[in-house]
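Report on the following structure.
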């Protein structure tokens, strides 16, 4: 099958969606299909980045006619290199452009939302459907795509809330690169890198900054944690987390919280024939292995799709403390591989973190179970589920 994974952002930009598309492309290719990633910006700045599959980048566009030009680009790409199925990641803009293409060339279309494009949290102004210009375009996509996939129960509910037909929706979770996170290929001294004391105990969270992610709640839990366990340090990985520095100063936590910013993707890419592949440590995988637990503190329903970072932490054998919201509760079983806590509650979050810090038996038991569950999310198995949906989409398209 000739598969186009259609995106508007891709590696080396780091985010859950970008990583999902990368791993899915690799898994589909290993199974034996023809796959290319189409549409991301960076045709010049990232021109030397090479992965194990074709990557067709486009120039960054601005102005009134962006959507029309993107439509033409997608039309030309599918005409020149062929296409049996388009798998658009996000209902807008990529899903919308691919749905418009149907008026010119009726290719089977599968659309996978990844969170902000379909979930809404009106209290926080979160969600693209709240934009009056974009909302109708998302509706257009939902009407015209043959199939939709949902990475979690929350995403599925949001799709139905947005008007999608239930019979078009199939639940397929995100996968995880179990081998990468179970054991880092190159060991690294995380404490030296982050300038942490040798005896420090590390709590980890990973995610680009958004108010709905609950970073502030986690930070506000830290004084309560430190009162009982003064050797604890919180490490926050992700783009945009510098916005948290004023709160750290307010709570006098500058020395107890490390903001790493975005950690670059490890060298599974050849940057050009004139550069050797970088064999530096996989800092993120090493960080998981240097931490005692993972925390996901999303604020409300819709804040998470299905967190790739939670799956990565589980693959590394970390117990998870997560808020009891959709996405988290799809993969965290309370008392089995982690604990679920009420959202926006620093006291309860601190209490649960301390329970794990004070009991190695509980921590190790939950971590072992987390690793077992993560093994069920191997990317090859996820890719096979997508192939089944692609076939359904082709059959629907053929029936008209």
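At-a-glance table
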read-out: Gain upon complete extension [residue 231, residue 347; 0.36 nm per residue less C-alpha separation]; value: 39.9 nm
read-out: Nitroxide proxy distance, nm - points 7 Å out along Cα→Cβ at residue 48 and residue 362; value: 5.1
read-out: The chain: angle of helix 66-81 to the longest principal axis, Cα-based, in degrees nearest 10; value: 70
read-out: The chain: relative contact order in percent, alpha carbon pairs under 8 Å with at least 6 residues between; value: 17
read-out: Ranking of 369, 48 by count of other Cβ atoms within 10 Å, fewest first; value: 48, 369
read-out: Residues 117, 330, 361, sorted so that the one with the fewest Cβ neighbours within 10 Å comes first; value: 361, 330, 117
read-out: Prolate/oblate/rounded call for region 26-104, Cα gyration tensor, a/c under 1.5 rounded; value: oblate
read-out: Which label in (1) 21.0, 61; (2) 21.3, 65; (3) 31.6, 100 gives the computed Rg and Dmax of the Cα atoms in Å; value: (2)
read-out: Relative contact order of region 321-379, pairs being alpha-carbon contacts under 8 Å that are 6 or more residues apart, as %; value: 31
read-out: Potential extension, residue 31-residue 61 segment - 0.36 nm per residue separation minus Cα distance; value: 7.4 nm
read-out: Residues of region 347-373 with amide N under 11 Å of the 7 Å Cα→Cβ point at residue 250; value: none
read-out: Footprinting exposure proxy for 1, 299, 314 (fewest neighbouring C-beta atoms within 10 Å first); value: 1, 299, 314
read-out: Rounded tilt (10° steps) of 346-358 against the dominant C-alpha axis of the chain; value: 70
read-out: Distance in nm between pseudo-label sites at residue 140 and residue 333 (7 Å out along the Cβ direction from Cα); value: 4.5
read-out: The chain: angle of helix 215-228 to the longest principal axis, Cα-based, in degrees nearest 10; value: 20
read-out: Cα shape, region 284-385, gyration tensor, a/c 1.5 rule; value: oblate
read-out: Additional length obtainable on full extension of the chain from residue 372 to residue 105, 0.36 nm per residue less Cα span; value: 91.7 nm
read-out: Cα gyration tensor shape for region 124-225, rounded if a/c is under 1.5, else prolate or oblate; value: prolate
read-out: Cβ-Cβ FRET estimate between residue 191 and residue 165, R0 fixed at 41 Å, reported to 0.05; value: 0.20
read-out: Among 295, 202, 49: highest mean-square fluctuation, GNM of the chain, C-alpha pairs under 10 Å; value: 49
read-out: Counting DSSP beta bridges with both ends in the chain, the antiparallel % (nearest 5); value: 5
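Laboratory data are not the source of any read-out in this text; all were calculated from the coordinates shown. Every value quoted in this text rests on a predicted model; they were computed, and no experiment measured them. Neighbour counts are summed over all protein chains in view; Cβ atoms, including those assigned to glycine, are modelled from backbone coordinates with ideal geometry.
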